[in-house]
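Student: Right, I'll just put the structure down here and ask away after.
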Amino acid sequence: MDVKTMKQLLVNTDMRRNAFNARFDTSVRYYLNRNDITSKNNGESKLDKKAKDEPLRSADNRVSSNFHQLLVDQEAGYLATDRPQIDVEDEQLNDNIDDTLGDNFPLRLNQLVVDAANAGVAWVHYWLDADKQFRYGIVPPDQVTPIYSSDLDQKLLAVRRTYDQLDPDSGKQYTVHEYWTDKDVTVFRSQKPGYADLEPYATRFQYYDVTTGAEMGQGNVYQHDFGRIPFIEFPKNKYRIPDLYKYKGLIDVFDDVYNGFVNDVDDVQQVILILTNYGGESLSEFKKALKEDKAVKFESMGTGDKSGLDKLTIDIPVDARNSLMEVTKSDIFVHGQGIDPTKFLINNASGAAIKMLYSHLELKASMTEAYFRDALTELIRAIMKWLGVADADSRKITQTWQRTAIQNDLENAQKVATVAQYSSDEAIAKSNPLVDDWQQELADRSDDIVKRDGYEADPNVLNGLNGGEDDEPTE
């Protein structure tokens with residue numbers, strides 16, 4: 001792609017990119033507890049009792065409530081704390097895939113859920129490092145602008161990735177623009193608005209002769225040979241809408257009422273005394289008499305005189321505000337499909353009661369999982385293709401996702417014990433509340449039976465112990 005074509009593409013996608021990034025920035029602000037109520041303080045929650053020069057209304061406290069971060073992290077912890085089990089019907093290949101995904105895969109999956117909740121979509125980019133090892137990483141959503149086909153398939157045709165980078169040689173800050181296709185990536189960079197100085201990033205890639213290892217030069221185009229665009233989209237929902245916009249207005253209402261309440265509490269301490277026909281000469285004399293004598297002299301003007309001391313205070317509608325805040329908070333958790341931790345009083349609740357408590361969160365997590373499954377399948381197929389699996393694009397992939405939630409382990413164990421004699425070893429291992437890895441549990445159980453009953457380490461016999469055909473023990 002030449003400079004002129006790339007400049008036109010950047011201009012044509014800027015409006016969509018800027019609108020997306022504006023929504024994402026708002027979600028991130030609320031996730032970092034920098035709600036709109038704190039915009040006057042540059043996102044910082046501050047108490048200011050003397051902000052305004054008014055006798056009765058001087059307080060202007062601005063403290064934001066962190067409901068958005070709580071709701072997002074609830075789903076991320078519930079859905080992505082436990083590692084999903086990947087099964088491609090080959091035990092060795094399963095292990096290779098798990099090794100490639102890495103030990104920190106659950107943490108990365110957690111971050112993908114957070115990004116998708118804040119942006120409506122999260123992105124994974126994969127590549128081969130200098131040692132030809134498969135690597136993948138999470139790309140910030142505000143760097144990626146996808147380009148889809150206009151047909152019903154909405155196939156991903158290309159990806160624009162834009163980000164800032166410091167040139168260590170010149171010390172200048174550049175904006176780097178990458179254009180990815182299913183064959184290559186072309187890189188440009190610019191500094192000025194409107195891409196007036198857009199130029200190829202000629203030193204971005206170094207080329208070598210594969211036979212001699214000699215340097216062949218530098219360029220801004222790299223052939224990646226993946227056969228597909230090495231970016232995978234993890235959408236949050238059909239319309240790729242951030243979660244915040246389901247309940248942002250409710251959070252703003254809560255912040256407004258709460259801070260108004262705090263302001264009134266501070267302002268009510270400012271009591272204004274009203275003196276009528278005060279008999280003294282100055283306010284200092286009045287304060288001294290009130291402090292020392294506990295009495296103040298007033299001059300009477302006869303019948304109907306209103307001389308005396310009165311006070312002007314602020315009345316706080318406590319009950320009305322408490323009711324409004326409680327209703328608003330409840331609506332936030334309903335529309336955000338989360339669990340209000342202040343209502344989490346289950347004690348020794350049954351499994352059915354716990355499921356009801358998690359019903360809204362489970363509905364949201366199940367929808368996220370449904371969209372994430374396709375994306376994770378695409379990542380696994382890319383790994384299998386790198387591993388040289390012949391049927392990488394057609395092999396059946398089974399994903400088993402776990403939930404992290406409070407549960408009644410005693411009740412679950414009793415259920416398993418009740419049906420144990422009618423169930424396979426695999427079903428029991430999967431349902432056992434004390435087991436995290438059911439496959440390892442089956443392997444350990446087989447080893448224990450071999451040691452106890454004298455079975456030889458014969459694969460056919462072990463297959464019988466794990467739900468296969470029954471075999472007689474050998475002496």
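FYI, it's all coordinate maths here, none of it is from the lab. Treat the numbers as computed from the prediction; the structure is a model and nothing was measured. Note: ideal-geometry Cβ built from the backbone for every residue, glycine included; neighbour counts use all protein chains shown.
Student: Which FRET efficiency, nearest 0.05, do Lys46 and Val257 yield, Cβ-Cβ r, R0 22 Å?
Tutor: It comes to 0.75.
Student: Apply the Karplus parameterisation 6.51 cos²θ - 1.76 cosθ + 1.60, with θ equal to phi minus 60°, to every residue of the range 16-31 and state each ³J(HN,Hα) to the nearest whole Hz, in sequence, with x for glycine and proline.
Tutor: 5, 5, 5, 5, 5, 5, 5, 5, 5, 4, 5, 4, 5, 4, 5, 5
Student: At a Förster distance of 56 Å, what's the computed FRET efficiency of Lys238 paired with Ser284, Cβ-Cβ distance as r, to 0.05?
Tutor: E between Lys238 and Ser284, to the nearest 0.05, is 0.20.
Student: Residue separation times 0.36 nm, minus the C-alpha to C-alpha distance between Arg445 and Asp331: what's the value?
Tutor: 36.2 nm
Student: Pairs Lys343/Lys364; Lys236/Lys343; Lys248/Lys355; Lys248/Lys329: which exceed 23 Å Cα-Cα?
Tutor: The pairs that break the limit, which is 23 Å between Cα atoms, are Lys236/Lys343; Lys248/Lys355.
Student: Tell me the net charge near Tyr371. Cut-off is 11 Å between Cβ atoms, Tyr371 excluded, with +1 for each Lys or Arg and -1 for each Asp or Glu.
Tutor: Once all neighbours under 11 Å are counted, the net charge is +1.
Student: Using 0.36 nm per residue of separation minus the Cα-Cα distance, give me the extension gain between Arg108 and Tyr163 in nm, one decimal.
Tutor: Contour length minus Cα-Cα distance gives 17.7 nm.
Student: Which FRET efficiency value, to the nearest 0.05, is calculated for Glu89 and Thr5 with the Förster distance at 51 angstrom and r the Cβ-Cβ distance?
Tutor: FRET efficiency, Glu89 to Thr5: 0.65.
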